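Undergrad: Take this structure, written in structure tokens, and hold onto it; I'll ask about it next.
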Amino acid sequence: MGWEMRVLVIIYGLVSYFLFFGTLVYFLGFVGDFFVPKFISSSASMPPLQALFVNIGLLLLWGIQHSVMAREGFKDYISNIIPAHTERSTYVLLSTLVLAFLMYYWQPIDGIVWQVQEPILQTGLWFLFALGWLLVIVSTFLTDHFDLFGLRQTWLHFVKRTYLPVSFTERFLYRWVRHPMMLGLFFAFWALPTMTLGHLVFSIGMSLYILIGLHFEEKGLVKSLGVPYEDYQKRTAKIIPKVY
């Protein structure tokens, strides 16, 4: 492959990466109900039952896209269409588009489930919310941030080096929990002073997706890594240290 095509590949990886992180920053405001034009708990504009069905459909779209594209069988199926060095970047790009679609068409549902008034408790919840997003970002660097988002694959292709999968290691947070990123997302989705009905639907839907997705991810990790990962499962909690 000529250098021109290799340049296009790395540009594709960079565009996918920065589009995702721009969307992720917007998503933080969308979930936290601040700074962005539309967030989860904006004023409702649709009857509650109709909004519920729309939102369930959006959550299913998100879950299906993530689950299907993450499976090895699907990766093998599209290997003749999408080269291996752009497969991860394509996953990141499509995930970005689906996330943007979800946020754009999300239908707020009025009604307060809880509203914390005590300033100290509000501060504590916002601290957990911020801690959750910090855990998400830090966790990506504890494995291989650039491999996770496809940049490593496109770079190795650019410099004509063979791609080798990232080796399994136990670093920092991964010594106590197998999925610290998901722990962070639970904090981000649930640790809020005000929980509306619409936000509750979102938090439940995303949490169910995480739990179901982790079940299949762990099966895949056992299959690919074998005994070392089985031993790791015995030593560590799945998400919450000392609990689950």
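Undergrad: Looking only at helices (runs of 4 or more DSSP H) that fall completely inside the range 105-170, which ones have 3 or more residues that are closer than 23 Å to MET5 by Cα?
TA: On the way: elements: 119-142, 145-148, 151-158.
Of the helices (runs of 4 or more DSSP H) lying wholly inside the range 105-170, those with at least 3 residues that are closer than 23 Å to MET5 by Cα span 145-148, 151-158.
Undergrad: Return the residues of the range 138-175 that are exposed (fewer than 14 other Cβ atoms within 10 Å of the Cβ) and under 20 Å from LEU93 (Cα atoms); say none if nothing qualifies.
TA: Hit for the range 138-175 is PHE141, nothing else.
Undergrad: In the range 25-47, which residue that is out of contact with any helix residue (DSSP H, G or I) (no Cβ under 8 Å at 6 or more places or on another chain) and in a helix (DSSP H, G or I) is farthest from PRO83 (Cα to Cα)?
TA: Our first condition is that a residue be out of contact with any helix residue (DSSP H, G or I) (no Cβ under 8 Å at 6 or more places or on another chain); within the range 25-47, this holds for 25, 29, 34, 37, 42-43, 45, 47.
When the remaining residues are screened for being in a helix (DSSP H, G or I), the result is 25, 29.
On the way: VAL25: 29, GLY29: 34 Å.
Of everything passing the filter in the range 25-47, GLY29 is farthest from PRO83 (Cα to Cα).
Undergrad: For the range 224-244, give me the residue count where each residue is among the small types (Gly, Ala, Ser), more than 22 Å from the chain's Cα centre (by Cα) and surrounded by 14 or more Cβ atoms within 10 Å (Cβ to Cβ). Walk me through how you get there before you give the answer.
TA: Taking the range 224-244 and keeping what is among the small types (Gly, Ala, Ser), we get 224, 226, 237.
Of the ones still in play, those that are also more than 22 Å from the chain's Cα centre (by Cα) are 226.
Okay, now just the ones that are also surrounded by 14 or more Cβ atoms within 10 Å (Cβ to Cβ), so none.
So the answer is 0.
Undergrad: For the range 53-102, give me each residue that is among the basic types (Lys, Arg), farther than 23 Å from TYR26 by Cα and either in contact (Cβ under 8 Å) with a residue 40 or more places away in the chain or loosely packed, with under 12 Cβ neighbours inside 10 Å (or both). Walk me through how you get there before you give the answer.
TA: Initially, the range 53-102 is screened for residues among the basic types (Lys, Arg), giving 71, 75, 88.
Of the ones still in play, those that are also farther than 23 Å from TYR26 by Cα are 71, 75.
The one that is among the basic types (Lys, Arg), farther than 23 Å from TYR26 by Cα and either in contact (Cβ under 8 Å) with a residue 40 or more places away in the chain or loosely packed, with under 12 Cβ neighbours inside 10 Å (or both): ARG71.
Undergrad: Within the set of pairs 6 or more residues apart or between chains, which connect a residue that is on the phi > 0 side of the Ramachandran plot inside the range 197-223 to a residue that is of a type outside the set (Val, Ile, Thr) and part of a helix (DSSP H, G or I) with Cβ atoms less than 9 Å apart?
TA: No pair meets every condition.
Read-outs: derived from the displayed coordinates by stated rules, not from any lab. Quantities reported herein were computed from a predicted structural model and do not represent experimental measurements. Quick reminder, even Gly has a Cβ in these numbers, built from the backbone with ideal geometry, and neighbours come from all protein chains shown.
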